[in-house]
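I have placed the structure first, in the form of structure tokens, so that the comments after it can refer back to it.
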Amino acid sequence: MYYWPGCEVDILGVRPTHCEEYVYNPSLKNFTKSIENSINALSNGSADMAAVYYEQIDVDGHHHGPLSPQLQASIHSLDIAFQTLNQRIKEKNLHNDLNVILFSDHGMTQLKWMEKIIELELYINMSHIIKMMDRGPVVSLWPKQAQFEAIYQRLSVLKHMKVYKIQEIPDRYHYKKGRFVSPLTLVADPGWFITESKSKLPYWNNDTGEPKGWQHGWHGYDNEFVDMRGFFLAQGPDFKQNLRAGPIRAVDVYNVMCHTLGIQALPNNGSWPRVEYMLSGGAPLYGPVHTLMLGLLLLALQA
């Protein structure tokens, strides 16, 4: 596994054979080299699955925005890396022996910090808040009990933001039954940003003009918002060809990976019917078939 967050941690007493620990934003050269190393390990039999995480698309999306020329340039560079991947598969004659899965773990939407921002200190006394977690699309608040209802009422009337008590959190979020859910959860409308105070946000202040927003793209909004959708691409002997699939959920990818590897999936929240029709049919191809997973915001390869 290359730059895959958490690969250095024991899970059920197991670690990957190889783990190149996560570092912030490895270079395109690192990424291309990781793909080549993965292909070599899969082709020589030293690995059955390889996974590579590439973060540059996410970084550029945050800093410059999802529609920026900087992000477009990064995507073009990624295309070149995939040309290398396809070339290596061809050179090693792996077309019938390798499943390649490419997917992202979230989308991205344009953000305008200077214009679409909700500053909580303008509406409530922050000394009445015991704890505030995060800033951005979703914020968790632990108000003092004596001021709880007043804070709830004041925040509930604000535009561009929804405020939920635990029992009010929509079931489709699959969130409110968690042990660590805060008494109040604030969810911003797409493109809006929640923070305590604009003055506490970091800015690029590297020119003589007005400080510019540190971020121009963000994710983590309501997942029914189309911009939050990721993508899933796959090719190989276990997948149908030229199929444009309907929407799936991030939790469904696990079942696809297990199937292509011939592994019995543990109980999970994914839906097998949502992904079964993508597969070529019949039992997975065991033996020489491998899987390579590439995460762009998550990238993976299997053999």
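If both residues of a DSSP beta bridge must be in the chain, then about 65% of such bridges are antiparallel.
Find how much the distance from residue 159 to residue 179 grows on full extension, using 0.36 nm per residue of separation minus their present alpha carbon separation; answer in nm with one decimal. Walk me through the numbers on the way to the answer.
Numbers: separation 20, 0.36 × 20 = 7.20 nm, distance 2.89 nm.
The span from residue 159 to residue 179 would gain 4.3 nm if fully extended.
Relative to the current alpha-carbon distance between residue 27 and residue 140, full extension at 0.36 nm per residue lengthens the span by 37.3 nm. Averaged over residues, the count of other Cβ atoms within 10 Å places the peptides 188-197, 125-134 in the sequence 188-197, 125-134, highest first.
Would you please put 4-11, 32-39, 269-276 in order of how densely packed they are, using the mean number of other Cβ atoms within 10 angstrom per residue and starting with the highest? Mind showing how you got there, number by number?
Working: 4-11: 12.5, 32-39: 21.0, 269-276: 14.0.
In decreasing order of mean packing, 4-11, 32-39, 269-276 become 32-39, 269-276, 4-11.
Could you tell me the calculated FRET efficiency between residue 276 and residue 200, based on Cβ-Cβ distance and R0 = 35 angstrom, to the nearest 0.05? In this case the efficiency is close to 0.15.
Can you give the FRET efficiency for residue 105 and residue 150, using 1/(1 + (r/R0)^6), R0 = 30 Å, r = Cβ-Cβ distance, to the nearest 0.05? All intermediate terms of the calculation are to be shown ahead of the outcome.
Working: r = 38 Å, r/R0 = 1.26.
The calculated FRET efficiency here is 0.20.
Evaluated at q = 0.21 Å⁻¹, the base-10 log of the normalised Debye intensity for region 58-189, with identical point scatterers placed on the Cα atoms, takes the values -1.24. Inter-label distance, residue 240 to residue 121: 5.6 nm, where each label sits 7 Å from its Cα along the C-beta direction.
Here region 117-214 is treated as an ellipsoid with the same Cα gyration tensor; its semi-axes, largest first and in whole Å, are 26, 16, 12.
The amide H of residue 51, built 1.01 Å from its N in the peptide plane, has 2, 293, 301 as neighbours under 5 Å, considering only residues 5 or more places off or on other chains. Give me the tail of P(r) for the chain as a percent: Cα-Cα pairs with distance above 37 Å. When all Cα pairs of the chain are counted, 26 percent exceed 37 Å. Applying a 4.7 Å Cβ-Cβ cutoff to the chain leaves 258 as cysteine residues with no disulfide-compatible partner.
A short reminder: the numbers here are calculations on the coordinates, not readings from a lab. Predicted model only: the values in this text are computed from it and were never measured. Cβ coordinates were reconstructed from backbone atoms using ideal geometry, including for glycine residues, and neighbour counts include every protein chain displayed.
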